[in-house]
Amino acid sequence: MKMLINVAETVVADALRGMAAAHPELVVDAENRVIVRRDAPVADKVALVSGGGSGHEPLHGGFVGPGMLDAACPGEVFTSPVPDQMVRAAAAVDSGKGVLFVVKNYTGDVLNFQMAAELAEDEGIQVASVLVNDDVAVNDSTFTAGRRGTGATLFVEKIAGAAAEEGMPLERVEALARQVVESSRSFGVALSACSTPAKGSPTFDLPAGELELGVGIHGEPGRERRAMMTSHEIADVAVDAVLEDLDPRLPVLVLVNGMGATPLLELYGFNAEVRRVLDERGVAVARTLVGNYVTSLDMAGASVTLCQVDGELLRLWDAPVETPGLRWGR
């Protein structure tokens with residue numbers, strides 16, 4: 001498998017050095033693996049910190065900046081960051097108004113962020129945490145007890161980040177983040193496996209002519225394998241799986257997310273099919289975002305995330321944001 005890297009052992013450090021060169025508005029500590037917005041700590045503002053294994057870019061480091069995260073902690077590829085990174089990030093961004101940890105539901109992330117919260121509290125930093133567990137495909141997957149955290153992480157980081165930017169207190173920012181989690185569901189489909197730099201070959205076997213319905217963002221098994229389907233057919237399965245669990249009564253945010261190797265031409269075509277299903281099911285769409293945001297290295301495929309939004313959540317979604325991976329309104 002050909003990869004645009006030097007050696008597998010330095011792939012994360014090299015990426016962080018490149019990110020620092022491209023984004024002077026960020027402070028990128030490649031040695032300690034922490035990415036911080038340059039103006040942190042922002043006075044009188046709750047800070048948001050997230051993180052997870054590398055390989056899902058732009059999540060999380062690409063979402064650091066005004067209107068979203070204050071800091072992110074990248075781990076090795078598909079490996080949780082360690083508590084020291086999280087404590088360092090929290091200390092760098094805490095203004096005295098508290099820090100919200102946004103945690104995807106993977107066992108390593110959950111345990112390490114929990115330990116980091118305790119260590120940060122010992123240093124006098126007030127910490128709240130919200131767990132993102134939006135994937136309806138399976139329960140108790142390879143790295144997870146309960147549902148996996150996937151595309152809704154973007155919605156949580158954007159909406160809670162906007163609330164924090166407005167100066168809302170920690171309790172309110174946390175409550176809004178939890179509301180987003182409770183209002184969001186996702187379902188993913190893999191057309192090919194991903195290849196990690198360390199392995200240099202596909203992480204699981206997906207025969208030609210088959211797809212994996214309900215795949216996880218690390219290549220975890222989904223609900224079932226089927227013969228290759230059309231975009232029309234995949235949209236029916238993915239959207240119905242989400243709607244069976246969510247049953248939205250309000251308009252929804254739609255994220256049609258590429259897994260890393262699927263071009264925008266195909267993603268926009270898939271979005272047309274997603275919108276068709278939503279229209280047929282009588283679900284109103286408030287906003288749509290299409291692109292590669294929560295990826296799985298070079299996996300081909302896509303996921304659908306829906307989040308039902310009231311007026312406040314929609315206003316916070318529309319609020320200005322300026323990060324490497326998401327920006328509008330500034």
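The values are calculated or read from the model by the stated rules, or taken from the named source; none is laboratory data. Keep in mind that what you see is a predicted model, and the values were worked out from it rather than measured. Don't worry about glycine lacking a Cβ; one is built from the backbone with ideal geometry, like all the others, and counts go over all protein chains shown. Side chains are part of the model used for accessible areas, which takes the heavy atoms of the whole protein and leaves out ligands, DNA and RNA. Shrake-Rupley method; radii C 1.70, N 1.55, O 1.52, S 1.80 Å.
Net charge within 14 Å of residue 300 by Cβ-Cβ distance, Lys/Arg positive one each and Asp/Glu negative one each, not counting residue 300 itself?
Every neighbour counted, the sum reads -4.
Top mean-square fluctuation among 217, 35, 125, Gaussian network model of the chain, C-alpha springs under 10 Å?
Per the Cα network of the chain with a 10 Å cutoff, 125 tops the list.
Calculate the dipole size of the range 114-162 relative to its Cα centre from +1 charges on Lys and Arg beta carbons and -1 charges on Asp and Glu beta carbons; express the result in debye to the nearest 20.
With Lys and Arg at +1 and Asp and Glu at -1, about 320 debye.
Dividing the convex hull volume of the Cα atoms of the range 173-330 by its residue count, what figure in Å³ per residue is obtained?
Spread over its residues, the Cα hull of the range 173-330 gives 129 Å³ apiece.
Report the antiparallel proportion of the DSSP beta bridges in the chain as a percent, rounded to a multiple of 5.
So the antiparallel bridges amount to about 55 percent of the total.
Give the value in nm², to one decimal: projected area of the alpha carbon convex hull of the range 10-183, averaged over all directions.
Here the figure is 8.8 nm², rounded to one decimal.
The chain: percent of C-alpha pairs farther apart than 24 Å?
50
Given Cα pairs under 8 Å that are at least 6 residues apart, what percent is the relative contact order of the range 22-94?
36
How many percent of the accessible area of the range 153-291 is carbon or sulfur, using a 1.4 Å probe?
Carbon and sulfur together cover 51 percent of it.
Over the chain, how many pairs of lysines fall under 19 Å by alpha carbon, counting only those 8 or more apart in sequence or from different chains?
5
Please compute the per residue accessible area over the range 96-188 with all protein chains in place, 1.4 Å probe, rounded to a whole number of Å².
I get 35 Å² per residue for the range 96-188.
Can you give the helix-only mean residue ellipticity at 222 nm for the chain, where every DSSP H stretch with n ≥ 4 adds -39500 (n - 2.57) and the sum goes over all residues, rounded to the nearest 500 deg cm²/dmol?
That comes out to -10500 deg cm²/dmol.
Quick one: Karplus J couplings for the range 284-300, per residue in order, coefficients 6.51, -1.76, 1.60, θ = phi - 60°, nearest Hz, x for Gly and Pro?
Computed from phi, the couplings for the range 284-300 are 7, 9, 8, 8, 10, 10, 10, x, 8, 10, 10, 9, 9, 6, 9, 5, 8 Hz.
For the range 1-64 and the range 157-192, what is the separation of their Cα centres, given in Å?
What the calculation gives is 20 Å, centre to centre.
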